[in-house]
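Reviewing the structure listed below.
Nothing in this text is a laboratory measurement; each read-out follows from the coordinates by a stated rule. Values in this document were obtained by computation on a predicted structure and should not be read as measured data. Cβ placement follows ideal geometry from the backbone for every residue including glycine, while neighbour counts extend to all protein chains displayed.
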Ligand SMILES: Cc1cc2nc3c(=O)[nH]c(=O)nc-3n(C[C@H](O)[C@H](O)[C@H](O)COP(=O)(O)O)c2cc1C
């Protein structure tokens, strides 16, 4: 029996100024990248509508454009061209008893594009710390126009029915560039002192208040901790918050961590962070401004965590970013005692990876982001239910089997491992990767509920599959790392060198530490390789990654790469780039591994090598493909069995084939 009202505080209303929030759940602002050049994209409208219907009390949208320079990616709020769209949108959201804020934000110098960007403006003429884009210092008349434009857009949004706006003053963007003494070297009225550096933000807040009155919600997301010694430290953040609130009545405050530097990853904490990692900081900052409700933010994924935050009085409201991308019905499911059926965010940050490449927001554990039927548990029934064989119980095969079964197909699923989830499940057993198990856990729970014929621990043969007379076969048999050319092939045949996956399976079976050095020859660049390196570091005295490419982790989003580099540095995992191993007799005789730069012949050595393993690009496992096709049955390859990629493609293709059959 679902337990009703397990989270009484989370589902208690809150009065914020004149507005009543029906519960304490806020959708944090996230860029969606649906594009707005041709007006509001239907997916944009649908994405937020799904979250409003899913039970959030307040939605903060992605940033709108209040200046033409902010581009056509964003909804236009600097003239009246989109007021019809904006009005329709706000009406749709607010008719779900959900309040709506648009975000006001400017990137300033912080551009995530390598190379030079013309026409950038910033607090000071200092290069961006990540991509070195060089801005020109904003002049006082420009700042005046900026303030006016932001307030003008807010007024337009108010006319369109928005509850208010949130100013994003964190994440290393323009307001943050002004607030931080590291990036603001001005000696005029917009710099020099805390009041000066805060002036732009204060002026925008005041101008909005003046133009829109008190009947317009004003939320501010401030920097809480840049993670840099000379940036906005927690104590400076507290002073900034106090100063702001003294100058202008603000309705809601929240805090973001990290900045546009090597600490950018801090704003998207993953498994390398504890859960709700910023609550001690947020609790401390909340004490500075007792008169303003504070939103807790940062890796809050579970309703029990959210309830605990409210129960301890650490914040009045809980803002969820990624958790609501993964499951828009998170609030409703929690309220109805169905938290077990939430699809949980796995903090992998592929959502951010997608938008940063200019692609629409997407999620590893939710292949239906922004679909009209995203909230539906029951998918549209198949017109003619079929017998379907799915071979492979990794997350691609599980998603395909689950989707097909949800549509009424009769599904048999084979998996050669005893546990479902394949590579993702294996990775979830490595350090800092445990959340990943949620993907397969949810799929498996659904498969059991749906009564799918599960044949785990069985390597399916063509005969096994054909014996059930399938009307369609889905092949999701994964992929295998290729042998690295730098090593003699006999080492594989002798069992001397194994791939990293085989090594990990062995290590997980046999706990205990070993003397010597573990060497990983890395041509792979995905997150699992470095999680495995962490496991090796738990077990061996030293770990050296011989990376054949320019840097490690090039195949993962920037924030994940930053985290991997930080972890390797913190844990003393050594990385040598643009090198390759060279096999000599010394290795077999003395455990002395030679390697060289890919540009030269000089050999260098690593002594006391106890293990050599490799991680390389993978080739699809397709042994069953031709024989099954020859039998005349339609066969579909998905996931890594089609082309080895990241988990998002696996669940997306599993879902797509489940819907297409
Ligand atoms: C895909 C993505 C896009 C984001 N875009 C924005 C943005 O445009 N403005 C902003 O203030 N924060 C943005 N954020 C940060 C979130 O608002 C939030 O601070 C962060 O995700 C931490 O919350 P969470 O752990 O609940 O996801 C984004 C986060 C993600 C994952």
Difference of contour (0.36 nm per residue) and Cα-Cα distance, residue 262 to residue 88 = 58.6 nm
task = Measure nothing fancy, just the Cα-based angle from helix 140-159's long axis to the longest principal axis of the chain, in degrees from 0 to 90, nearest 10.
result = 80
request  = Beta carbons within 10 angstrom, averaged per residue: use that to sort the peptides 559-572, 313-326, highest first.
outcome  = 313-326, 559-572
Percentage relative contact order, segment 400-464, counting C-alpha pairs under 8 Å, at least six apart = 49
query = If R0 is 56 Å, what FRET efficiency do you get for residue 410 and residue 483 from their C-beta distance, rounded to 0.05?
reply = 0.90
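Quick one: if the Förster radius is 22 Å, what FRET efficiency do residue 38 and residue 357 give, using the C-beta to C-beta distance and rounding to 0.05?
Values: r = 21 Å, r/R0 = 0.94.
For residue 38 and residue 357, the calculated efficiency is 0.60.
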inquiry  = As I understand it, the value is the acute angle between the Cα axis of helix 527-539 and the longest principal axis of the Cα atoms of the chain; what does it come to in degrees, rounded to 10?
reply    = 70
note = Here the gain from full extension of residue 206 to residue 148, 0.36 nm per residue of separation minus their alpha-carbon distance, amounts to 19.8 nm
key: Ranked 500, 281, criterion: other C-beta atoms within 10 Å, fewest first   = 281, 500
message = Quick check: the angle from helix 395-406's long axis to the longest principal axis of the chain, C-alpha only, nearest 10 degrees?
response = 80
query = Ranking 82, 468 by Cβ neighbours within 10 Å, fewest first, what do you get?
reply = 468, 82
note = A chain fully extended from residue 387 to residue 136 at 0.36 nm per residue, minus the present Cα-Cα distance, gains in nm 83.9 nm
remark   = Taking alpha-carbon centroids only, segment 443-460 lies from segment 69-120 a number of Å equal to 44
Sequence-separation-based contact order of the chain, relative, with Cα cut under 8 Å and 6+ spacing, percent = 11
query = How big is D, in µm² s⁻¹, for segment 172-319 by Stokes-Einstein at 4 °C and 1.567 mPa s if Rh is the Kirkwood radius over C-alpha pairs?
reply = 82
Value of relative contact order over segment 389-513, rounded to a whole percent, pairs C-alpha under 8 Å and six or more apart = 31
ask   = Hey, how many Å between the Cα centroid of segment 494-543 and the Cα centroid of segment 249-307?
value = 35
